[in-house]
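Worksheet: one structure, shown below.
The values are calculated or read from the model by the stated rules, or taken from the named source; none is laboratory data. Everything numeric here is computed off the predicted structure, so don't read it as measured data. Don't worry about glycine lacking a Cβ; one is built from the backbone with ideal geometry, like all the others, and counts go over all protein chains shown. Side chains are part of the model used for accessible areas, which takes the heavy atoms of the whole protein and leaves out ligands, DNA and RNA. Shrake-Rupley method; radii C 1.70, N 1.55, O 1.52, S 1.80 Å.
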Amino acid sequence: MIGVVVPAHNEEALLGRCLASVRVAAADPRLAGEAVHVVVALDRCNDRSADIAAAHGATGLVVCGGNVGSARDAGMRAAIAAGARWLASTDADSVVPPDWLWGQLASGGDAFCGMVAVDDWLDYACDVRDAHDHSHPRRDGHLHVHGANLGLSAEAYHRCGGFPPIAAHEDVALVDALVASGARIARCAAPVVLTSARRSPRARQGFGDYLRALEARVQSVAAFGSGELRPVDPVPVAHGP
């Protein structure tokens with residue numbers, strides 16, 4: 001069985017789109033009919049997120065940790081308890097491609113670190129998009145870490161201790177722990193997950209805040225000529241090779 005975990009905090013506007021894309025990925029014929037168990041970790045939701053999860057056949061797991069690390073961890077452990085051998089992580093504001101699950105399994109690693117692309121740049125200027133793309137070339141061996149496009153075996157999850165209960169960079173902390181445990185990590189350019197550029201992100205210090213900081217830097221360079229723009233990664237990259 002494959003487990004898919006989606007943390008959600010009042011995500012009724014976007015969750016259905018995410019779960020629909022997961023359902024398509026679960027139907028990839030190369031999975032040979034292997035069951036896919038989807039867990040939506042409902043973190044303090046008071047909207048229709050639970051109803052949407054149920055409508056898409058996902059298991060709604062109510063959690064009250066108040067941070068994305070504990071939500072992801074609760075979802076992962078629920079998926080393992082249900083019998084999952086592989087655990088895939090994405091976000092409620094993201095859309096996974098049809099080959100997402102197959103691509104993770106075919107990567108050959110104990111864990112998979114994938115890349116993301118923005119599906120709608122909203123009112124961000126072209127210069128911001130160009131700066132982002134310049135610092136995120138799509139290539140194998142990249143060092144980016146995104147909770148929206150991450151996967152690992154249940155065995156590796158147990159061995160490294162899982163997601164820590166922190167409000168930001170829980171994905172990077174997990175990959176650091178995987179490296180320390182000796183896990184083989186496949187850092188692949190594809191499959192790519194599409195994610196949101198919304199200006200009101202649920203997790204602080206995550207991808208949404210990175211884009212706003214990048215926008216401020218681009219505007220500073222344009223307004224004051226403050227030198228060469230050197231965009232940083234959306235979150236600290238994992239340590240190790």
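Taking the criterion of being crowded, with 20+ Cβ neighbours inside 10 Å and modelled with pLDDT of 95 or more, would at least one residue in region 193-201 satisfy it? Full working, then the answer.
Step one: of region 193-201, the residues crowded, with 20+ Cβ neighbours inside 10 Å are 193, 195-197.
Among the residues that remain, those that are also modelled with pLDDT of 95 or more are: 193.
Yes, the conditions are met somewhere in region 193-201.
Does residue 140 satisfy the condition of being among the acidic types (Asp, Glu) and surrounded by 15 or more Cβ atoms within 10 Å (Cβ to Cβ)?
Working: among the acidic types (Asp, Glu): yes; surrounded by 15 or more Cβ atoms within 10 Å (Cβ to Cβ): no.
Criteria not met by residue 140.
Determine if region 28-46 includes at least one residue that is crowded, with 17+ Cβ neighbours inside 10 Å, over 17 Å from the mean Cα position of the chain (by Cα), aliphatic (A, V, I, L, M) and modelled with pLDDT of 95 or more.
Yes, the conditions are met somewhere in region 28-46.
Among (1) open to solvent by 60 Å² or more (accessible area, probe 1.4 Å); (2) not in a helix (DSSP H, G or I), where does residue 54 come up short?
The single condition residue 54 does not satisfy is (2).
If only one of 85, 129 is open to solvent by 10 Å² or more (accessible area, probe 1.4 Å), of a type in the set (Lys, Arg) and touching a residue at least 40 places away in the same chain (Cβ under 8 Å), which one is it? Walk me through how you get there before you give the answer.
Working: 129 fails: touching a residue at least 40 places away in the same chain (Cβ under 8 Å).
Of 85, 129, the one residue that is open to solvent by 10 Å² or more (accessible area, probe 1.4 Å), of a type in the set (Lys, Arg) and touching a residue at least 40 places away in the same chain (Cβ under 8 Å) is 85.
Which count do you get for residues in region 172-186 that are over 14 Å from residue 148 (Cα atoms) and under 14 Å from the mean Cα position of the chain (by Cα)?
The total comes to 1.
Inspect region 11-19 for any residue being closer than 28 Å to residue 187 by Cβ and either open to solvent by 30 Å² or more (accessible area, probe 1.4 Å) or among the small types (Gly, Ala, Ser) (or both) and give the result as yes or no.
Yes: one or more hits.
Report yes if some residue within region 111-122 is open to solvent by less than 20 Å² (accessible area, probe 1.4 Å), of a type outside the set (A, V, I, L, M, F, W, C) and under 14 Å from residue 207 (Cβ atoms); otherwise report no.
Checked against the condition, which is being open to solvent by less than 20 Å² (accessible area, probe 1.4 Å), of a type outside the set (A, V, I, L, M, F, W, C) and under 14 Å from residue 207 (Cβ atoms), region 111-122 yields at least one hit.
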